[in-house]
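The values are calculated or read from the model by the stated rules, or taken from the named source; none is laboratory data. Just so we're clear, the structure is a prediction, and the values are computed from it rather than from any experiment. Using ideal geometry, Cβ is built from the backbone for each residue, glycine included, and neighbour counts are taken over all protein chains shown.
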Amino acid sequence: MEATEFAIDKAFRHFFFALGLLVGWAILLLPLFALVWYVAFGEAMPDFKALPPAAIGGLVALGLGVLLASFSIETNWNRRILLDERPSLLGRWRLDGPVWRYAAGVVLMLAVLALYAAAGAAVMVFAVPKLTAQLGAAAQPLGIVVTALIGLSGLFTFYRLMSWLAGLSVGDRDYGLGAAWRTTKGNRLAFLAFTFWIVFSLAMLGALGAGAFFAQQALPQPWVKPSAFGIIGLLTWLALLVVHSVPAALYRSFR
């Protein structure tokens, strides 16, 4: 519960700081987006079913730019809520060591999670059909249970690696992968409770957003619709900040 409170508190407290980071990167990437669009498509409407090589290359370059922007924003966000660090003007577009280490950590985490996904798929695609000959109808529910257990193990691994990612962002060399793995060991119930409170908090934000959506459908006043969609946008951004505060919240709990 404390980790969830931390994530929610920081999302509210630094709401506009994160928005400033996003706007800054959007301004920087806007010329690249315009250039890619012009080089790839000119003035014609794009046909995404038959993209020319220039369009594919341009979209890949734009995708890499967005990816780097997300790593930079995440690094600055973690440093802001953990170290209370305000980046300099140019630091808002940082692409220094902590950003690259964070990016490498994300790649490693995704590779590990892909192994869990592959294991779960292998159970359902290969193991269940082979066991059906021996177990009959019981093979399918057994496969589902095993896959669910693999998924839970993947969730716990995800949380344990998340705390390490936050350490990479703030440059904590004493909290490496091994230290994070040892420190977070044996916290399955705590991780399940954390998952419940995070999902519950996001559900509450979703309920408020749904209320705003239905209000703009029910009320005839012209100002209701833009106000409702503005509220929905703010709630969506707040929910994203809560989710992106998870690594820092876990790091703070276990460090």
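Brief remarks follow.
- Residue that is surrounded by the fewest Cβ atoms within 10 Å (Cβ to Cβ) [pool: residues in the range 58-85 that are under 20 Å from His14 (Cα atoms) and without any contact (Cβ under 8 Å) to a residue 40 or more places away in the chain]: Asp84
- Condition check for Ile150: more than 16 Å from Pro247 (Cβ to Cβ), part of a helix (DSSP H, G or I) and β-branched (Val, Ile, Thr): yes
- Annotation: Phe191 fulfils all but one of (1) more than 21 Å from Val106 (Cα to Cα); (2) in contact with a helix residue (DSSP H, G or I) (Cβ under 7 Å, 6 or more places away or on another chain); the unmet one is (1).
- Hey, Ala207 farther than 16 Å from Ile81 by Cβ and at pLDDT below 95 or not: no
- Residue count, the range 203-253 (criterion: assigned to a loop (DSSP other than H, G, I, E, B) and closer than 28 Å to Arg79 by Cα): 1
- Residue check for Gly120: assigned to a helix (DSSP H, G or I), of a type in the set (Gly, Ala, Ser) and under 29 Å from Leu22 (Cα atoms): no
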